[in-house]
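The values are calculated or read from the model by the stated rules, or taken from the named source; none is laboratory data. Just so you know, these numbers come straight off a predicted model, no measurement behind them. Here the Cβ positions follow ideal geometry from the backbone for every residue, glycine too, while neighbour counts run over all protein chains shown. The protein model used for the area step is the full one, side chains on, heavy atoms only, and it has no ligands, DNA or RNA in it. Shrake-Rupley method; radii C 1.70, N 1.55, O 1.52, S 1.80 Å.
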Amino acid sequence: MPLLNKVRTAASGESRGDTASLPLSRLRLALTLFFALDGFLFAGWVVRIPAIKQQTGASAGDLGLALLGVSAGAVVTMTLTGRLCRRYGSHPVTVATAVLLSLSLALPPLTRSPLSLGLVLLVFGAAYGGINVAMNSAAVDLVTALRRPVMPSFHAAFSLGGMLGAGLGGLVAGILSPTAHLLGLTGAGLLLTAAAGPVLLRHPSPAPPESVPAEPAGPADPPAAPTAGHRRTVLLFGVIALCTAYGEGALADWGALHLAQDLHAHPGVAAAGYSLFALTMTAGRLSGTALLERLGQTRTLVAGGLTAAAGMLLGALAPTVWAALLGFAVTGLGLANIFPVAVARAGALAGPGGVATASTLGYGGMLLGPPSIGFLADWFSLPVALTTVAVLAAGAAVMGYAARPARG
(Lines give C-alpha, C1' and ligand atoms only; values in the text may rest on other atoms or scores of the structure.)
Protein backbone atom coordinates (compact mmCIF):
# COMPACT_ATOMS: atom_id res chain seq x y z
CA MET A 1 0.00 0.00 0.00
CA PRO A 2 2.50 2.66 -1.05
CA LEU A 3 -0.15 5.36 -1.27
CA LEU A 4 -1.68 5.05 2.18
CA ASN A 5 1.02 6.80 4.22
CA LYS A 6 2.84 3.50 4.59
CA VAL A 7 5.01 3.19 7.65
CA ARG A 8 8.60 4.19 7.06
CA THR A 9 11.50 3.13 9.20
CA ALA A 10 14.04 5.33 7.49
CA ALA A 11 16.87 6.82 9.45
CA SER A 12 15.30 10.26 9.08
CA GLY A 13 12.70 9.29 11.67
CA GLU A 14 15.44 8.54 14.18
CA SER A 15 17.53 11.59 13.39
CA ARG A 16 14.76 13.86 14.58
CA GLY A 17 15.58 12.80 18.13
CA ASP A 18 13.51 12.85 21.29
CA THR A 19 13.24 16.64 21.29
CA ALA A 20 11.30 16.49 18.04
CA SER A 21 9.26 13.36 18.76
CA LEU A 22 8.05 14.59 22.15
CA PRO A 23 6.08 17.56 20.76
CA LEU A 24 4.67 15.31 18.01
CA SER A 25 3.50 12.78 20.60
CA ARG A 26 1.88 15.56 22.60
CA LEU A 27 0.22 16.93 19.48
CA ARG A 28 -1.07 13.49 18.59
CA LEU A 29 -2.54 13.00 22.07
CA ALA A 30 -4.14 16.43 22.12
CA LEU A 31 -5.58 16.01 18.64
CA THR A 32 -6.88 12.55 19.55
CA LEU A 33 -8.69 14.10 22.52
CA PHE A 34 -10.38 16.65 20.25
CA PHE A 35 -11.54 13.89 17.90
CA ALA A 36 -12.93 12.01 20.90
CA LEU A 37 -14.57 15.17 22.23
CA ASP A 38 -16.25 15.78 18.89
CA GLY A 39 -17.76 12.29 18.87
CA PHE A 40 -18.70 12.52 22.56
CA LEU A 41 -20.59 15.80 22.20
CA PHE A 42 -22.26 14.80 18.95
CA ALA A 43 -23.48 11.51 20.45
CA GLY A 44 -24.71 13.31 23.53
CA TRP A 45 -26.92 15.41 21.27
CA VAL A 46 -28.24 12.61 19.08
CA VAL A 47 -29.36 10.34 21.92
CA ARG A 48 -31.59 13.16 23.21
CA ILE A 49 -33.22 13.81 19.84
CA PRO A 50 -36.35 11.77 20.72
CA ALA A 51 -36.86 13.91 23.84
CA ILE A 52 -36.21 17.13 21.93
CA LYS A 53 -38.66 15.99 19.23
CA GLN A 54 -41.35 15.47 21.85
CA GLN A 55 -40.50 18.73 23.59
CA THR A 56 -40.89 20.78 20.41
CA GLY A 57 -43.95 18.87 19.15
CA ALA A 58 -42.23 18.22 15.82
CA SER A 59 -43.39 15.63 13.31
CA ALA A 60 -40.84 13.46 11.51
CA GLY A 61 -40.84 15.93 8.61
CA ASP A 62 -40.54 18.93 10.94
CA LEU A 63 -37.63 17.28 12.71
CA GLY A 64 -35.97 16.50 9.40
CA LEU A 65 -36.31 20.12 8.36
CA ALA A 66 -34.89 21.30 11.68
CA LEU A 67 -31.97 18.92 11.32
CA LEU A 68 -31.31 20.52 7.96
CA GLY A 69 -30.10 23.47 10.03
CA VAL A 70 -27.14 21.36 11.12
CA SER A 71 -26.35 20.58 7.49
CA ALA A 72 -26.73 24.16 6.32
CA GLY A 73 -24.56 25.58 9.06
CA ALA A 74 -21.90 22.95 8.54
CA VAL A 75 -21.74 23.26 4.74
CA VAL A 76 -21.31 27.03 4.93
CA THR A 77 -18.63 26.73 7.60
CA MET A 78 -16.76 23.97 5.79
CA THR A 79 -16.28 26.21 2.79
CA LEU A 80 -14.75 28.89 5.03
CA THR A 81 -12.77 26.78 7.50
CA GLY A 82 -10.10 25.87 4.97
CA ARG A 83 -9.37 29.55 4.41
CA LEU A 84 -9.29 30.19 8.16
CA CYS A 85 -6.87 27.30 8.63
CA ARG A 86 -4.58 28.65 5.91
CA ARG A 87 -4.62 32.11 7.47
CA TYR A 88 -4.52 31.34 11.19
CA GLY A 89 -3.44 27.70 11.28
CA SER A 90 -5.50 24.57 11.82
CA HIS A 91 -4.63 24.33 15.51
CA PRO A 92 -6.17 27.64 16.67
CA VAL A 93 -9.24 27.02 14.50
CA THR A 94 -9.65 23.57 16.09
CA VAL A 95 -9.61 25.06 19.59
CA ALA A 96 -11.98 27.91 18.72
CA THR A 97 -14.53 25.64 17.06
CA ALA A 98 -14.34 23.20 20.00
CA VAL A 99 -15.38 26.02 22.32
CA LEU A 100 -18.24 27.01 20.01
CA LEU A 101 -19.38 23.39 19.68
CA SER A 102 -19.44 22.93 23.45
CA LEU A 103 -21.44 26.11 24.01
CA SER A 104 -23.92 25.46 21.21
CA LEU A 105 -24.76 22.02 22.64
CA ALA A 106 -26.65 23.65 25.52
CA LEU A 107 -29.06 25.47 23.17
CA PRO A 108 -31.36 22.74 21.64
CA PRO A 109 -33.16 21.83 24.92
CA LEU A 110 -34.06 25.49 25.38
CA THR A 111 -36.20 25.51 22.22
CA ARG A 112 -39.95 24.94 22.12
CA SER A 113 -40.74 24.84 18.39
CA PRO A 114 -39.28 23.21 15.27
CA LEU A 115 -38.39 26.65 13.88
CA SER A 116 -36.38 27.71 16.93
CA LEU A 117 -34.73 24.29 17.01
CA GLY A 118 -33.68 24.67 13.37
CA LEU A 119 -32.18 28.12 14.04
CA VAL A 120 -30.24 26.84 17.02
CA LEU A 121 -28.98 23.89 15.03
CA LEU A 122 -27.53 26.30 12.47
CA VAL A 123 -25.06 27.38 15.15
CA PHE A 124 -24.41 23.81 16.24
CA GLY A 125 -23.87 22.74 12.64
CA ALA A 126 -21.48 25.62 11.99
CA ALA A 127 -19.34 24.57 14.94
CA TYR A 128 -19.53 20.88 14.03
CA GLY A 129 -18.53 21.45 10.42
CA GLY A 130 -15.72 23.78 11.39
CA ILE A 131 -14.11 21.51 13.95
CA ASN A 132 -14.21 18.50 11.64
CA VAL A 133 -12.46 20.28 8.78
CA ALA A 134 -9.91 21.87 11.13
CA MET A 135 -9.16 18.59 12.94
CA ASN A 136 -8.73 16.65 9.73
CA SER A 137 -6.42 19.34 8.35
CA ALA A 138 -4.32 19.15 11.51
CA ALA A 139 -4.35 15.34 11.36
CA VAL A 140 -3.11 15.34 7.76
CA ASP A 141 -0.15 17.53 8.74
CA LEU A 142 0.66 15.32 11.71
CA VAL A 143 0.39 12.08 9.73
CA THR A 144 2.76 13.53 7.14
CA ALA A 145 5.26 14.53 9.82
CA LEU A 146 5.06 11.19 11.63
CA ARG A 147 5.28 9.17 8.39
CA ARG A 148 2.99 6.59 10.00
CA PRO A 149 -0.55 5.49 9.01
CA VAL A 150 -2.24 6.84 12.14
CA MET A 151 -5.24 8.47 10.47
CA PRO A 152 -7.58 5.57 11.39
CA SER A 153 -6.66 6.06 15.05
CA PHE A 154 -8.04 9.60 15.02
CA HIS A 155 -11.32 8.41 13.54
CA ALA A 156 -11.33 5.58 16.10
CA ALA A 157 -11.13 8.23 18.81
CA PHE A 158 -14.17 9.95 17.30
CA SER A 159 -16.06 6.64 17.33
CA LEU A 160 -14.93 5.88 20.89
CA GLY A 161 -16.12 9.29 21.99
CA GLY A 162 -19.43 8.64 20.29
CA MET A 163 -19.75 5.31 22.05
CA LEU A 164 -19.05 6.86 25.44
CA GLY A 165 -21.38 9.78 24.79
CA ALA A 166 -24.20 7.50 23.68
CA GLY A 167 -23.60 5.13 26.60
CA LEU A 168 -23.70 7.98 29.07
CA GLY A 169 -26.83 9.31 27.39
CA GLY A 170 -28.51 5.94 27.76
CA LEU A 171 -27.67 5.82 31.46
CA VAL A 172 -29.03 9.29 32.24
CA ALA A 173 -31.94 9.31 29.77
CA GLY A 174 -34.44 8.36 32.48
CA ILE A 175 -32.80 10.45 35.20
CA LEU A 176 -31.74 13.83 33.82
CA SER A 177 -33.71 16.20 31.65
CA PRO A 178 -32.23 17.05 28.24
CA THR A 179 -31.39 20.52 29.59
CA ALA A 180 -29.38 19.19 32.54
CA HIS A 181 -27.70 16.50 30.44
CA LEU A 182 -26.57 18.72 27.57
CA LEU A 183 -25.55 21.55 29.90
CA GLY A 184 -23.31 19.06 31.71
CA LEU A 185 -21.78 18.05 28.39
CA THR A 186 -21.11 21.72 27.65
CA GLY A 187 -19.11 21.99 30.86
CA ALA A 188 -17.20 18.80 30.10
CA GLY A 189 -16.38 20.04 26.60
CA LEU A 190 -15.06 23.36 27.87
CA LEU A 191 -12.93 21.63 30.51
CA LEU A 192 -11.34 19.26 28.01
CA THR A 193 -10.71 22.10 25.57
CA ALA A 194 -9.02 24.07 28.35
CA ALA A 195 -6.81 21.04 29.11
CA ALA A 196 -5.85 20.00 25.57
CA GLY A 197 -6.15 23.32 23.73
CA PRO A 198 -2.92 24.91 25.01
CA VAL A 199 -0.89 22.06 23.49
CA LEU A 200 -2.24 22.88 20.03
CA LEU A 201 -1.91 26.62 20.57
CA ARG A 202 1.74 26.37 21.66
CA HIS A 203 2.81 24.22 18.72
CA PRO A 204 2.06 25.04 15.06
CA SER A 205 1.26 22.32 12.57
CA PRO A 206 4.44 20.26 12.07
CA ALA A 207 6.28 20.31 8.78
CA PRO A 208 7.08 16.99 7.07
CA PRO A 209 10.60 15.59 7.48
CA GLU A 210 12.89 17.34 5.02
CA SER A 211 14.60 14.14 4.00
CA VAL A 212 11.37 12.42 2.95
CA PRO A 213 8.90 13.75 0.36
CA ALA A 214 5.54 14.65 1.89
CA GLU A 215 3.48 12.54 -0.55
CA PRO A 216 5.63 10.26 -2.70
CA ALA A 217 4.22 9.70 -6.15
CA GLY A 218 6.32 6.58 -6.66
CA PRO A 219 9.22 4.64 -5.19
CA ALA A 220 11.74 7.30 -6.15
CA ASP A 221 9.70 10.03 -7.80
CA PRO A 222 8.87 13.46 -6.39
CA PRO A 223 5.19 14.27 -5.89
CA ALA A 224 3.54 15.42 -9.07
CA ALA A 225 0.82 18.01 -9.52
CA PRO A 226 -2.69 16.51 -9.58
CA THR A 227 -3.90 15.75 -13.07
CA ALA A 228 -7.46 15.98 -14.34
CA GLY A 229 -7.73 12.21 -13.92
CA HIS A 230 -6.54 12.51 -10.33
CA ARG A 231 -9.11 15.19 -9.63
CA ARG A 232 -11.87 12.97 -10.96
CA THR A 233 -10.63 10.12 -8.82
CA VAL A 234 -10.51 12.39 -5.78
CA LEU A 235 -14.15 13.27 -6.40
CA LEU A 236 -14.96 9.56 -6.70
CA PHE A 237 -13.38 8.86 -3.33
CA GLY A 238 -15.21 11.87 -1.94
CA VAL A 239 -18.50 10.36 -3.09
CA ILE A 240 -17.50 7.05 -1.46
CA ALA A 241 -16.92 8.94 1.78
CA LEU A 242 -20.28 10.67 1.35
CA CYS A 243 -22.15 7.38 0.88
CA THR A 244 -20.71 5.84 4.02
CA ALA A 245 -20.92 8.98 6.19
CA TYR A 246 -24.58 9.23 5.18
CA GLY A 247 -25.12 5.96 7.03
CA GLU A 248 -23.24 7.13 10.10
CA GLY A 249 -25.28 10.32 10.30
CA ALA A 250 -28.54 8.48 9.70
CA LEU A 251 -27.91 5.98 12.48
CA ALA A 252 -26.76 8.72 14.83
CA ASP A 253 -29.92 10.81 14.44
CA TRP A 254 -32.55 8.17 13.64
CA GLY A 255 -31.28 4.88 15.06
CA ALA A 256 -32.53 5.51 18.59
CA LEU A 257 -35.87 6.79 17.30
CA HIS A 258 -36.30 3.70 15.10
CA LEU A 259 -35.70 1.38 18.05
CA ALA A 260 -38.00 3.36 20.36
CA GLN A 261 -40.80 4.21 17.92
CA ASP A 262 -40.96 1.21 15.58
CA LEU A 263 -39.73 -1.58 17.86
CA HIS A 264 -40.90 -0.09 21.20
CA ALA A 265 -37.53 -0.42 22.87
CA HIS A 266 -36.88 1.05 26.33
CA PRO A 267 -35.24 4.53 26.10
CA GLY A 268 -32.03 3.16 27.57
CA VAL A 269 -31.93 0.28 25.08
CA ALA A 270 -32.74 2.65 22.23
CA ALA A 271 -29.84 4.92 23.20
CA ALA A 272 -27.57 1.86 23.43
CA GLY A 273 -28.21 1.15 19.74
CA TYR A 274 -25.94 3.98 18.60
CA SER A 275 -23.48 3.09 21.35
CA LEU A 276 -23.22 -0.46 19.96
CA PHE A 277 -22.80 0.90 16.44
CA ALA A 278 -20.03 3.22 17.67
CA LEU A 279 -18.37 0.36 19.57
CA THR A 280 -18.07 -1.91 16.54
CA MET A 281 -16.96 1.02 14.38
CA THR A 282 -14.25 1.81 16.92
CA ALA A 283 -13.08 -1.81 16.97
CA GLY A 284 -12.99 -1.86 13.18
CA ARG A 285 -10.95 1.33 12.99
CA LEU A 286 -8.49 0.25 15.65
CA SER A 287 -7.74 -2.80 13.52
CA GLY A 288 -7.90 -0.82 10.27
CA THR A 289 -4.17 -0.67 9.58
CA ALA A 290 -3.76 -4.43 9.95
CA LEU A 291 -6.82 -5.03 7.79
CA LEU A 292 -5.50 -2.77 5.03
CA GLU A 293 -2.12 -4.48 5.09
CA ARG A 294 -3.80 -7.87 4.77
CA LEU A 295 -6.56 -7.13 2.23
CA GLY A 296 -5.44 -3.96 0.46
CA GLN A 297 -7.53 -0.89 -0.23
CA THR A 298 -9.90 -2.25 -2.85
CA ARG A 299 -10.86 -5.37 -0.92
CA THR A 300 -11.28 -3.34 2.26
CA LEU A 301 -13.63 -0.89 0.54
CA VAL A 302 -15.66 -3.60 -1.20
CA ALA A 303 -15.93 -5.90 1.82
CA GLY A 304 -16.78 -3.00 4.10
CA GLY A 305 -19.52 -1.65 1.82
CA LEU A 306 -21.17 -5.03 1.32
CA THR A 307 -20.99 -5.86 5.03
CA ALA A 308 -22.56 -2.52 5.94
CA ALA A 309 -25.32 -3.01 3.36
CA ALA A 310 -26.24 -6.41 4.78
CA GLY A 311 -26.11 -5.14 8.35
CA MET A 312 -28.30 -2.12 7.64
CA LEU A 313 -30.94 -4.18 5.88
CA LEU A 314 -31.17 -6.29 9.03
CA GLY A 315 -31.14 -3.25 11.30
CA ALA A 316 -33.87 -1.46 9.38
CA LEU A 317 -36.22 -4.35 8.65
CA ALA A 318 -35.73 -6.71 11.61
CA PRO A 319 -38.93 -7.37 13.59
CA THR A 320 -37.22 -7.51 17.00
CA VAL A 321 -35.04 -5.10 18.97
CA TRP A 322 -32.16 -7.55 19.40
CA ALA A 323 -31.98 -8.41 15.72
CA ALA A 324 -31.95 -4.70 14.89
CA LEU A 325 -29.13 -4.16 17.39
CA LEU A 326 -27.17 -6.95 15.70
CA GLY A 327 -27.72 -5.22 12.37
CA PHE A 328 -26.44 -1.93 13.80
CA ALA A 329 -23.32 -3.71 15.08
CA VAL A 330 -22.59 -5.31 11.69
CA THR A 331 -23.15 -1.96 9.98
CA GLY A 332 -20.57 -0.33 12.24
CA LEU A 333 -17.98 -2.97 11.34
CA GLY A 334 -18.66 -2.50 7.64
CA LEU A 335 -18.49 1.28 7.62
CA ALA A 336 -15.51 1.53 9.99
CA ASN A 337 -12.61 2.01 7.59
CA ILE A 338 -14.24 3.20 4.38
CA PHE A 339 -14.19 6.89 5.29
CA PRO A 340 -10.56 6.96 6.54
CA VAL A 341 -9.38 5.00 3.48
CA ALA A 342 -11.24 7.31 1.09
CA VAL A 343 -9.82 10.45 2.72
CA ALA A 344 -6.28 9.06 2.85
CA ARG A 345 -6.47 7.88 -0.77
CA ALA A 346 -7.67 11.30 -1.91
CA GLY A 347 -4.76 12.88 -0.05
CA ALA A 348 -2.29 10.49 -1.67
CA LEU A 349 -3.56 11.55 -5.09
CA ALA A 350 -3.89 15.30 -4.60
CA GLY A 351 -2.33 16.24 -1.27
CA PRO A 352 -4.15 18.42 1.27
CA GLY A 353 -6.55 19.69 -1.38
CA GLY A 354 -7.69 16.15 -2.03
CA VAL A 355 -8.19 15.54 1.69
CA ALA A 356 -10.26 18.73 1.97
CA THR A 357 -12.46 17.73 -0.96
CA ALA A 358 -13.08 14.20 0.26
CA SER A 359 -13.63 15.33 3.87
CA THR A 360 -16.11 18.01 2.89
CA LEU A 361 -18.09 15.60 0.71
CA GLY A 362 -17.94 12.95 3.43
CA TYR A 363 -19.12 15.15 6.25
CA GLY A 364 -21.69 16.62 3.91
CA GLY A 365 -23.12 13.13 3.58
CA MET A 366 -23.16 12.70 7.35
CA LEU A 367 -25.06 15.96 7.77
CA LEU A 368 -27.43 15.65 4.81
CA GLY A 369 -28.37 12.05 5.63
CA PRO A 370 -30.53 12.75 8.71
CA PRO A 371 -32.87 15.30 7.08
CA SER A 372 -33.17 13.05 4.03
CA ILE A 373 -34.20 10.18 6.28
CA GLY A 374 -36.79 12.45 7.91
CA PHE A 375 -38.41 13.38 4.62
CA LEU A 376 -38.42 9.76 3.42
CA ALA A 377 -39.90 8.64 6.74
CA ASP A 378 -42.80 11.05 6.24
CA TRP A 379 -43.39 9.80 2.68
CA PHE A 380 -42.95 6.07 3.42
CA SER A 381 -41.84 4.90 6.87
CA LEU A 382 -38.72 5.17 9.00
CA PRO A 383 -37.63 1.52 8.42
CA VAL A 384 -37.96 1.97 4.64
CA ALA A 385 -36.08 5.27 4.83
CA LEU A 386 -33.22 3.59 6.69
CA THR A 387 -32.77 1.05 3.89
CA THR A 388 -31.26 3.88 1.83
CA VAL A 389 -28.19 3.48 4.05
CA ALA A 390 -27.79 -0.06 2.73
CA VAL A 391 -28.25 1.11 -0.87
CA LEU A 392 -25.54 3.76 -0.57
CA ALA A 393 -23.17 1.39 1.25
CA ALA A 394 -23.50 -1.09 -1.61
CA GLY A 395 -22.90 1.78 -4.03
CA ALA A 396 -19.69 2.65 -2.15
CA ALA A 397 -18.53 -0.95 -2.59
CA VAL A 398 -19.16 -0.76 -6.34
CA MET A 399 -17.32 2.57 -6.63
CA GLY A 400 -14.44 1.26 -4.54
CA TYR A 401 -14.05 -1.65 -6.94
CA ALA A 402 -14.32 0.67 -9.95
CA ALA A 403 -11.57 2.91 -8.55
CA ARG A 404 -9.04 0.08 -8.35
CA PRO A 405 -7.11 1.03 -11.56
CA ALA A 406 -6.26 4.40 -9.98
CA ARG A 407 -4.17 2.74 -7.28
CA GLY A 408 -1.05 2.69 -9.37
Would you kindly derive the ³J(HN,Hα) couplings of the stretch 245-256 from the backbone phi angles with the Karplus curve 6.51 cos²θ - 1.76 cosθ + 1.60 (θ = phi - 60°), listing them in order in whole Hz, with x for Gly and Pro? 5, 4, x, 5, x, 5, 5, 5, 8, 10, x, 5
Under the 7 Å Cα-to-Cβ spin-label approximation, Arg231 and Tyr88 lie apart by a distance in nanometres of 3.0 nm
Just the accessible area for Val391, please: 1.4 Å probe, Å², rounded to the nearest 10? 100 Å²
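When a/c reaches 1.5 or more, the comparison of a/b and b/c decides; with that in mind, is the stretch 292-398 rounded, prolate or oblate per its Cα gyration tensor? If you can, show how the numbers build up before the last one.
Working: a/c = 2.99, a/b = 1.51, b/c = 1.98.
Since a/c reaches 1.5 but b/c is at least a/b, the shape of the stretch 292-398 is classed as oblate.
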Computed ³J(HN,Hα) along the stretch 66-72: with the Karplus parameters 6.51/-1.76/1.60, θ = phi - 60°, integer Hz and x for glycine or proline, the list is 5, 5, 4, x, 4, 5, 5
Among Tyr88, Gly129, Leu65, pick out the residue whose Cα is farthest towards the positive end of the charge dipole of the stretch 49-148, where Lys and Arg carry +1 and Asp and Glu carry -1 on C-beta, about the Cα centre. Tyr88
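Within 10 Å, count the other beta carbons around each residue, average over each peptide in 313-319, 187-193, and list them highest first.
Numbers: 313-319: 19.6, 187-193: 16.9.
My ranking of the peptides, most packed first, is 313-319, 187-193.
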What is the angle, in °, between the Cα long axis of helix 297-317 and the longest principal axis of the Cα atoms in the chain? Nearest 10 is fine, range 0 to 90. 0 degrees
Accessible area per residue, 1.4 Å probe, Å², for the stretch 291-347: what's the number? 35 Å²
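At a 1.4 Å probe, what is the % contribution of carbon and sulfur to the accessible area of the stretch 262-408? Please report the intermediate quantities before stating the final value.
Working: 3940 of 5520 Å².
Answer for the stretch 262-408: carbon and sulfur cover 71 percent of the accessible area.
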Scalar couplings 3J(HN,Hα) for the stretch 89-106 by Karplus 6.51 cos²θ - 1.76 cosθ + 1.60 (θ = phi - 60°), nearest whole Hz, x for Gly and Pro, are x, 6, 5, x, 5, 4, 5, 5, 6, 5, 4, 5, 4, 4, 5, 5, 5, 7
Would you mind getting me the FRET efficiency between Val398 and Leu80? Use the beta-carbon distance for r and R0 = 22 Å, nearest 0.05. 0.10
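Using Cα pairs under 8 angstrom and six or more residues apart, how large is the relative contact order of the stretch 241-308, in percent?
Details: 20 pairs, mean separation 16.1, N = 68.
Relative contact order of the stretch 241-308: 24 percent.
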How large is the charge dipole for the chain, taken about the Cα centre, if only the Cβ atoms of Lys, Arg (+1) and Asp, Glu (-1) carry charge, to the nearest 20 debye? 680 debye
Counting only protein heavy atoms and rolling a 1.4 Å probe, one gets per residue an accessible area for the stretch 121-168 in Å² of 20 Å²
Let me have the 222 nm mean residue ellipticity of the chain computed from DSSP H runs of 4+ only, each contributing -39500 (n - 2.57), with the sum over all residues rounded to the nearest 500. -27500 deg cm²/dmol
Round to the nearest 10 and give me the degree value, 0 to 90, for the angle of helix 151-172's Cα axis relative to the longest principal axis of the chain. 20 degrees
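P(r) tail for the stretch 102-142, what percent of Cα pairs lie past 11 Å? Each step should come with its number before you reach the end.
Values: 529 of 820 pairs.
Tail of the P(r) past 11 Å holds 65 percent of the pairs.
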Take every Cα pair under 8 Å in the stretch 17-124 that's 6+ residues apart, average their separations, divide by the length, and report that relative contact order as a whole percent. 39 percent
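Quote the relative contact order of the chain in percent (integer), defining contacts as alpha-carbon pairs under 8 Å separated by 6+ residues. Show your work: numbers first, answer last.
On the way: 763 pairs, mean separation 101.0, N = 408.
That works out to 25 percent.
So, by mean Cβ neighbours within 10 angstrom, what's the order for 154-167, 72-85, 245-258, 266-279 with the highest one leading?
Peptide ranking by packing, descending: 245-258, 154-167, 266-279, 72-85.
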Carbon plus sulfur, as percent of the 1.4 Å-probe accessible area of the stretch 29-78, comes to 70 percent
